[in-house]
Amino acid sequence: MSNGTIQRRAALLGIAAGLGRAGSSRAQSNWPARPVTLVVPFPAGGGTDAFARPLAAQFAKNTGKTLVVDNRGGAGGTLGASFAARAAPDGYTLFMGAVHHAIAPAMYPRLDYDIEKDLIALALLANVPQVVVVHPGTPSANFRQFLEHVKRHPAKLNYGSAGAGTSHHLAAELFKQQTGTFITHIPYRGAGPALQDLIAGNVDMMFDGLGSSATHIKSGRIKALMVSGARRNPALPDVPCAAEVGLPDYTVTTWYGLWAPRGTPAEVQARIVDEIQRLGSAENIKALWASNGADYGGMTQQQFGAFVGSELRRWAQVVKTAGVKPD
């Protein structure tokens, strides 16, 4: 083969490679060019789902493309996270996780994924306080009466959670430590099924994120006794905060965030983050978040990544101190 022929072939290969890169770049800059899957690692009806579905609806309005909510519950939300971590890193499979995923590594040391190495933190979507909720048939009119009832009947009451190692579980363990009480843990595959059993009277109480409980509280299907933290929540102005009922150190929030599989191109990440900001500026999203007592966003992508790291360290210490084990 002559040198001229080799040079011509090399030139053609270079042109083809350049066209391939250009095509890839256009595909990335055109995100989303087709439907996007949002993996929600809990069954429908829980807090993650309560925020995911309105975002999916607004996404369709903004982009003309479908955001398909794929509920994959189980193992405290870790099964869905594992699935998402192994998805193609092309921007068309995203993961909506929560504070539970910052707790899971301390609870399940043999997870088959690493939240920091196998997934890329993109954005904080919602931050809501925890709320103590009971069935309306409870014999207590307020939190103080309920606490006295719990103390008079040790080990007689139970609480439902979204699963072992979730924020619902650890919020209850923290409550038990600070009040000197014992309540039996009943883990479910998500907050949705647990809430349904609470509404039905099959469990006595829950330590839930306000995002999934607010609608049921306002309808009277369950009763709120206390919100965590040092101030009342605007969504439930008549419900006392933890500091008011003598628990000044009881501060637990449930936050929800967005991740993409490791290897997702930086340009696609930027496009996704931009779209998340647009979603949060929609008036209906603002109103819905406010009605659920939630804050939207408030962090850059870098800040959210650092926040996830700090939460991993924080909850690892809580799990160690409490000696909590998977049920």
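The values are calculated or read from the model by the stated rules, or taken from the named source; none is laboratory data. Note that the structure is a prediction, hence the values are computed from the model and not measured. Cβ: placed from backbone, ideal geometry, glycine included. Neighbour counts: every protein chain shown. Side chains included, ligands, DNA and RNA excluded: accessible areas come from the protein's heavy atoms. Shrake-Rupley method; radii C 1.70, N 1.55, O 1.52, S 1.80 Å.
For the range 138-155, a residue qualifies if it is open to solvent by less than 60 Å² (accessible area, probe 1.4 Å) and in contact (Cβ under 8 Å) with a residue 24 or more places away in the chain, and the qualifying residues are THR138, SER140, PHE143, PHE146, LEU147, VAL150, ALA155. Residues that are buried (at least 18 other Cβ atoms within 10 Å of the Cβ) and either touching a Lys or Arg at 6+ places or on another chain (Cβ under 8 Å) or more than 24 Å from ALA50 (Cα to Cα) (or both) within the range 285-311 comprise just one, TYR296. The residue list PRO326, PRO237 contains one member that is free of Cβ contacts under 8 Å to residues at least 24 places away in the same chain and either assigned to a loop (DSSP other than H, G, I, E, B) or open to solvent by 30 Å² or more (accessible area, probe 1.4 Å) (or both), which is PRO237. Set side by side, the residues ARG314, ARG278, ARG262, ARG271 differ, and just one is open to solvent by 50 Å² or more (accessible area, probe 1.4 Å) and in contact with an Asp or Glu (Cβ under 8 Å, 6 or more places away or on another chain), which is ARG262.
Yes or no: GLY80 part of a helix (DSSP H, G or I), open to solvent by less than 20 Å² (accessible area, probe 1.4 Å) and modelled with pLDDT of 95 or more? The answer is yes for GLY80. Can you confirm whether LYS61 is charged (D, E, K, R), in contact with a Lys or Arg (Cβ under 7 Å, 6 or more places away or on another chain) and surrounded by fewer than 18 Cβ atoms within 10 Å (Cβ to Cβ)? It is false that LYS61 is charged (D, E, K, R), in contact with a Lys or Arg (Cβ under 7 Å, 6 or more places away or on another chain) and surrounded by fewer than 18 Cβ atoms within 10 Å (Cβ to Cβ).
Within the set LEU210, LEU247, LEU225, the sole residue that is over 22 Å from the mean Cα position of the chain (by Cα), closer than 25 Å to ILE186 by Cβ and open to solvent by less than 10 Å² (accessible area, probe 1.4 Å) turns out to be LEU225. Filter the range 107-125 for residues that are modelled with pLDDT of 95 or more and not in a loop (DSSP other than H, G, I, E, B); which is nearest to GLY192 (Cα to Cα)? Applying the filter and picking the extreme gives LEU125. Residues of the range 156-169 include none that is out of contact with any Phe, Trp or Tyr (no Cβ under 9 Å at 6 or more places or on another chain), in a helix (DSSP H, G or I) and surrounded by fewer than 18 Cβ atoms within 10 Å (Cβ to Cβ).
Against the condition crowded, with 24+ Cβ neighbours inside 10 Å and farther than 29 Å from VAL308 by Cα, how does LEU198 come out, does it pass? The answer is yes for LEU198.
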